[in-house]
1. Does Phe110 fit the bill of being under 21 Å from Asp12 (Cβ atoms) and among the hydrophobic types (A, V, I, L, M, F, W, C)?
2. Could you tell me how many of the residues in the range 5-33 are in contact with a strand residue (DSSP E or B) (Cβ under 7 Å, 6 or more places away or on another chain), more than 18 Å from Val79 (Cβ to Cβ) and either assigned to a helix (DSSP H, G or I) or modelled with pLDDT under 90 (or both)?
3. Could you check, for the range 83-94, whether at least one of its residues is in contact with a Pro (Cβ under 8 Å, 6 or more places away or on another chain), at pLDDT 85 or above and within 30 Å of Thr139 (Cα to Cα)?
4. Regarding Gly57, is this residue assigned to a helix (DSSP H, G or I), modelled with pLDDT under 90 and more than 18 Å from Asp76 (Cα to Cα)?
5. Would you check if there is a residue in the range 146-166 being among the β-branched types (Val, Ile, Thr), under 16 Å from Ile100 (Cβ atoms) and modelled with pLDDT of 95 or more?
6. Would you confirm whether or not the range 70-81 contains a residue that is modelled with pLDDT under 85 and either over 14 Å from Val14 (Cα atoms) or of a type in the set (Phe, Trp, Tyr) (or both)?
Amino acid sequence: MKRSKAMEHGQDAVWTAIRAKRTFTITDLWGEVDMHRKSIINHVKRLEAGGYVAKRGDFDSAEDRKDRFHYVLIKDAGVHVPRLTRDGQPVTQGAGNKNIWRSMRMLKEFSPLDIQAHASTGKVTVKINTVKAYCTTLTKAGYLRVSQKAKPPRTQARYRIIRDTGPYPPQIQSTKQLFDPNLNEVTYRTGDEE
């Protein structure tokens, strides 16, 4: 199958294609998403286990032996792809940063304590040191600006969001760089500010 160089990739792209098509086969997704076929199959199986998609009919036609099933979207969770384990349970890892980023976008100006209070939920506990580290990295990367310097121990620094690239949280990777899934690019590497 010939595929375009500009194709989207990853689970977000698979979810976007599923939401657009509503009814699909694995080959349909593989034709639109730059992802290994087996990875697409595994992702669809997790969505099926979680009750987001269901198999619709069993068919075996001569022209499409690779796809035994059609699937249908039965639970649309919105723009954010459901992050699920193999057995269809929600993944909680990374939920903290997702909540932190969403809180930053909502509040516009904040202290780390403000973010901790808004980002912690019954299922996700966000630590203040995590928020501070995330704020520091996002400031170096140009996403945040310090609007009020900290005056320890009385007051924490206050930040203002100045670069809101979209709904997905920028990810601090183990290689000491910041990857922004909204832009699909690395937007900061340690040492860039020097």
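The values are calculated or read from the model by the stated rules, or taken from the named source; none is laboratory data. Nothing here was measured: the structure is a model prediction, and the numbers come from that model. Here the Cβ is made from the backbone with ideal geometry for all residues, glycine too, and neighbour counts use every protein chain on show.
1. Values: under 21 Å from Asp12 (Cβ atoms): no; among the hydrophobic types (A, V, I, L, M, F, W, C): yes.
So Phe110 does not fit the description; no.
2. The qualifying residues number 1.
3. No, every residue in the range 83-94 fails to be in contact with a Pro (Cβ under 8 Å, 6 or more places away or on another chain), at pLDDT 85 or above and within 30 Å of Thr139 (Cα to Cα).
4. no
5. yes
6. No; the residues of the range 70-81 include none that is modelled with pLDDT under 85 and either over 14 Å from Val14 (Cα atoms) or of a type in the set (Phe, Trp, Tyr) (or both).
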